[in-house]
């Protein structure tokens, strides 16, 4: 399984979500990352920032991340209506 890590900002966003949503996101992340090619489930972000290039869709929530050598770095976590705003 590929490892994942949260940035400080993403961790704060994640902890603000309800425990039910947190469990669903973690469960789905672990499923995606246990596959042979987890990027099959990811989509490219239309206008990538210098760090973020991919996103996972988990129901109405999005996990924005970038690929690293040994895993992924999660940059943002949130509801789809809010995630692309800064």
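The values are calculated or read from the model by the stated rules, or taken from the named source; none is laboratory data. Keep in mind that what you see is a predicted model, and the values were worked out from it rather than measured. Here Cβ is always computed from backbone atoms with ideal geometry, including for glycine, and neighbour counts include all displayed protein chains.
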Worksheet, complete the sentence: Scanning segment 1-48 residue by residue, those outside any helix (DSSP H, G or I), touching a residue at least 12 places away in the same chain (Cβ under 8 Å) and closer than 19 Å to residue 68 by Cβ turn out to be 1, 2, 3, 4, 5, 6, 7, 41, 42, 43, 45
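Quick check on residue 3: is it over 11 Å from the mean Cα position of the chain (by Cα), at pLDDT 95 or above and either under 18 Å from residue 85 (Cα atoms) or surrounded by fewer than 16 Cβ atoms within 10 Å (Cβ to Cβ) (or both)?
On the way: over 11 Å from the mean Cα position of the chain (by Cα): yes; at pLDDT 95 or above: no; either under 18 Å from residue 85 (Cα atoms) or surrounded by fewer than 16 Cβ atoms within 10 Å (Cβ to Cβ) (or both): yes.
Against the criterion (over 11 Å from the mean Cα position of the chain (by Cα), at pLDDT 95 or above and either under 18 Å from residue 85 (Cα atoms) or surrounded by fewer than 16 Cβ atoms within 10 Å (Cβ to Cβ) (or both)), residue 3 does not qualify.
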Discussion item. I need a count of the residues in segment 14-41 that are at pLDDT 90 or above and buried (at least 19 other Cβ atoms within 10 Å of the Cβ).
Written reply: 4
Discussion item. I'm told residue 8 meets every condition in (1) surrounded by 11 or more Cβ atoms within 10 Å (Cβ to Cβ); (2) on the phi < 0 side of the Ramachandran plot except one. Can you identify the failing condition by its number?
Written reply: (1)
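In segment 52-86, what count of residues is obtained for those that are in a loop (DSSP other than H, G, I, E, B) and more than 15 Å from residue 41 (Cβ to Cβ)?
At the first step, the residues of segment 52-86 found to be in a loop (DSSP other than H, G, I, E, B) are 52-53, 59-60, 68-70, 80-86.
Pick out the ones that are also more than 15 Å from residue 41 (Cβ to Cβ) and you get 52, 60, 68-70, 80-86.
Result for segment 52-86: 12.
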Worksheet item: Which residue pairs have Cβ atoms closer than 6 Å, lie 6 or more positions apart in sequence or on different chains, and pair a first residue in segment 62-73 that is at positive phi and touching a residue at least 24 places away in the same chain (Cβ under 8 Å) with a second residue that is in a strand (DSSP E or B) and surrounded by 22 or more Cβ atoms within 10 Å (Cβ to Cβ)?
Response: none
